Amino acid sequence: MTPPRASAAMDRTYRRMLWPASLAVGIFAIAPLLGMLALSFTDFHLVRGWSGKIGIHNFLRLFEDRRFVSSIYIMMALSAFGVLAQVVLGTAIAVGLDKIVGKWRVARGIFVVPFAVPHVAVALIWLSLFTPTLSPINAVFAVFGIEVPALLTTQTGAITAIVIADTWATYPFVMLIVLAALQGISPDLDEAAALDGATRVKAFFRITLPLLYPTLLMVALFRFIETLKHFPLIFVMTSGGPGRATQATNYYAYVQTFQNSNVAYGASIAVFLFLFAAAISFYIAKANARLSDA
Amino acid sequence: MIKVTRRALTATLLLGSTVLAPMLAPGAAAAQAREVNVLLFSMPSTRGLAALADDFEAETGIKANIDVVGQDVFESRITLSFTGGARDIDVVHTPVIQVQRWVEAGWLEPMTAQIDGLDDKDDILTGPLEAYKVSGDYYGMPFFAETGLMAYRKDLLDAAGVGVPETWDEMLEVANAVDSDDTAAIAMRVAPGQGFNMFVFPMIMRAYGGKFFANYPDDMTPAINSPENLQALNTYITLMNDYGPQGIGNFNFPEVVAALQNGQAAMTVDGTSIVSQAVDPAASKFADQFVLALPPGGPAGRSPAIAVHGLGIPAGTENADAAFEFVKWATSTETLSKLAINEAYPDFTRASVAENPEVQAKYAGVQENFLDLRVEALNLALGHYRPLIPTWPEIGAAIGENVNAAVNGLMSPEEALEAAEDEMKSILAY
């Protein structure tokens, strides 16, 4: 069914409704983005200013910069493990909540709570949980004579800690979207599967999960882009340490821009991050479109 | 069509202006009325200063709009304001660590004539004031000078039968004797950063005779990979890893303070604002047992840390006179005395404040000789404890990250100092 054709006057009204948003996006997103792009081709330095040099020197420097290259690995580890953990946990909880009716439905509200906590507060909560001298976890295990290792002093541990904190704070996002998608799946399908003798586990993996696939892909994409922008958790929990082991790319852009005053170089890192996120989004959106068409 | 578009545009702009108006208002108003916009970052003394803003208005008729923000917000706010030429700040919090960089960038107004014109200039502590001198001109007035002290649990040292460590070598022995399963011997900051581990580590470095540069400020050849610095780093690593609490490799000052107050660590060496929290009866379970002393020394003597904060006037402000009025008031004996009485603020920068009986009584409560100890440490402290050069924030971070990596076993101490040396060279050459 095609939607009824709007009149020309209606068409104009709709276009006008886009004005405020377009203006806001133009002023607050596109313009700074172009500014950053322009900056990334200069050698502007906060203290030394700009020598007039224009070129792609910053982008050439990126791939000779070991700190930048290692920041990409760190970012990818944080993103890959983070998104995986959030999607699995969020989906599991959504599937559980979906079947719960009656007064226990209040659980839905409770599970959303971490999503409302600001990231800096999330970071402070988990920093104390992962600091052995402050952590109730360590205190409880100490009663049984077990020493819980200090996560934040090794690279693997610190990355794990950030992934845990990030997952705790953002699984509700995955959960909410998957829950909405689940409500759109007809219960008839489950009933039909049950009649045909499928177990509930089998029905989930063979019927529900494939139907959720486009939703999961989309939600994973959203989370992926968000995880590329990791900053507050790193800033508060590890200061980029131990050593530089948790300086992900976005954090490194901050270090270069604000701490080292290399504004132009920082901008080139940010441009790289933007292009990287855009390319991945584009690829996944295309994959998603193929999937929806099929 | 055009008419409609214009109307839509006007509506949008109107909507926009109502949102923007409150943001622009203080700056716009300051131009005509007697007002100063002050931007500070949050510390007990700056929060205390903001609380006294009405006193300033009562005395001078100038209204001070004091904005106290977090340190991270502060950095980006001033960077945008100064590089954008916004001129929306008349007085700015100026850490001495940043002053060289800001002056080189042309962000600060010199205040030499005004400072030299003060009747009571001699009362200002010389070290902190001179730290604001860049090529012959003053670019700030100090209001905060913190130095380094040691805090130790007298009960635990007595029980172990050891005396107070006078040197870092002695500290190794004392730590070995005091360390137990219940209480780690020592907790210090290890988290990487020029204001974190690089605030405390140079106390060990300099005690062993280590330096950042061959001969500051005449010969600025990096000298971080010297045998003295290696010895200092090895001492730091042993103290932290063998005698520090679990997880010390990521400790910053809040974790250090908590470990002292909860009886998880017997000693620390840190800034006065940190060590004084160990002896604060309201917060520390072991306030009665902790004693404050000078930090340990070494073959090259003692070198207590020093951190100085001051007030500067951004270049191009239209309110320079009112701005200096504010600076003068904020750093006056009267205001600093009020702050010392109202807040946990033994870090005043005028000698006369220590003569105030109320101030004396308050800080005798911390420890009988606390104010004297502070002055003694300040006198021992090097003005260039952290080198006063524009690239220090970058160099300090680079060294701090490598030092942290060494403490956490990501690289050997030799590799860490070698890497720091290479990075210093490339930063200076760039």
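The values are calculated or read from the model by the stated rules, or taken from the named source; none is laboratory data. Because the structure is a prediction, the values reported are computed rather than measured. Note: ideal-geometry Cβ built from the backbone for every residue, glycine included; neighbour counts use all protein chains shown.
Here are the numbers for this structure:
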| item | result |
| --- | --- |
| Lone qualifier among B:87, B:77 - being surrounded by 19 or more Cβ atoms within 10 Å (Cβ to Cβ) and basic (Lys, Arg) | B:77 |
| Residue within the range B:405-412 that is part of a loop (DSSP other than H, G, I, E, B) and crowded, with 22+ Cβ neighbours inside 10 Å present | yes |
| Matching residues, the range A:18-37, being surrounded by 13 or more Cβ atoms within 10 Å (Cβ to Cβ) and over 27 Å from the mean Cα position of the chain (by Cα) | A:19, A:20 |
| Some residue of the range A:160-179 being among the acidic types (Asp, Glu), part of a helix (DSSP H, G or I) and either surrounded by fewer than 16 Cβ atoms within 10 Å (Cβ to Cβ) or in contact with an Asp or Glu (Cβ under 7 Å, 6 or more places away or on another chain) (or both) | no |
| Filter result for residue A:40 (within 25 Å of residue B:402 (Cα to Cα) and within 27 Å of the chain's Cα centre (by Cα)) | no |
| Hits in the range B:103-161 (condition: among the hydroxyl-bearing types (Ser, Thr, Tyr), surrounded by fewer than 22 Cβ atoms within 10 Å (Cβ to Cβ) and over 24 Å from residue B:319 (Cβ atoms)) | B:126, B:135 |
| Flag if residue B:181 is at pLDDT 95 or above, surrounded by fewer than 23 Cβ atoms within 10 Å (Cβ to Cβ) and more than 30 Å from residue B:388 (Cβ to Cβ) | no |
| Test: residue in the range B:414-430 that is over 30 Å from residue B:357 (Cβ atoms), of a type in the set (Phe, Trp, Tyr), facing chain A (nearest Cβ under 9 Å) and part of a loop (DSSP other than H, G, I, E, B) | yes |
| Residue in the range B:184-193 that is in contact (Cβ under 8 Å) with a residue 12 or more places away in the chain, within 14 Å of chain A (Cβ to nearest Cβ) and on the phi > 0 side of the Ramachandran plot present | yes |
| Residue match in the range B:377-397 (condition: closer than 19 Å to residue A:155 by Cα, in a helix (DSSP H, G or I) and within 14 Å of chain A (Cβ to nearest Cβ)) | yes |
| Failed criterion for residue B:386 (all others in (1) over 20 Å from residue B:121 (Cα atoms); (2) in contact with a Lys or Arg (Cβ under 7 Å, 6 or more places away or on another chain); (3) crowded, with 20+ Cβ neighbours inside 10 Å hold) | (2) |
| Residue in the range B:281-289 that is closer than 30 Å to residue B:114 by Cβ, at pLDDT below 95, more than 14 Å from chain A (Cβ to nearest Cβ) and touching a Phe, Trp or Tyr at 6+ places or on another chain (Cβ under 9 Å) present | no |
| Filter result for the condition that a residue is among the aliphatic types (A, V, I, L, M) and within 14 Å of chain B (Cβ to nearest Cβ), over A:285, A:245 | A:245 |
| Selection within the range A:224-256 - in a helix (DSSP H, G or I) and free of Cβ contacts under 8 Å to residues at least 40 places away in the same chain | A:253, A:254, A:255, A:256 |
| Wholly within the range B:1-83, helices (runs of 4 or more DSSP H) carrying at least 3 residues that are out of contact with any Leu (no Cβ under 8 Å at 6 or more places or on another chain), at pLDDT below 90 and more than 14 Å from every other protein chain (Cβ to nearest Cβ) | B:2-32 |
| Verdict on residue A:228 being surrounded by 17 or more Cβ atoms within 10 Å (Cβ to Cβ), over 30 Å from residue B:191 (Cα atoms) and either under 18 Å from the mean Cα position of the chain (by Cα) or at pLDDT below 90 (or both) | no |
| Flag if residue B:270 is surrounded by 24 or more Cβ atoms within 10 Å (Cβ to Cβ), acidic (Asp, Glu), within 30 Å of residue B:46 (Cα to Cα) and away from chain A (no Cβ under 14 Å) | yes |
| Matching helices (runs of 4 or more DSSP H) fully within the range B:293-371 where at least 3 residues are touching a strand residue (DSSP E or B) at 6+ places or on another chain (Cβ under 9 Å) | B:320-330, B:333-342 |
| Subset of the range A:255-280 [more than 23 Å from residue B:71 (Cβ to Cβ), among the aliphatic types (A, V, I, L, M) and more than 14 Å from chain B (Cβ to nearest Cβ)] | A:271, A:273, A:275, A:277, A:278, A:279, A:280 |
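Conditions tested, residue by residue: (1) more than 25 Å from the chain's Cα centre (by Cα); (2) at pLDDT 95 or above; (3) assigned by TED's automatic domain parsing to the domain that holds residue B:35.
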site	(1), (2), (3)
B:92	no, yes, yes
B:105	no, no, yes
B:136	no, no, yes
B:154	yes, yes, no
B:165	yes, yes, no
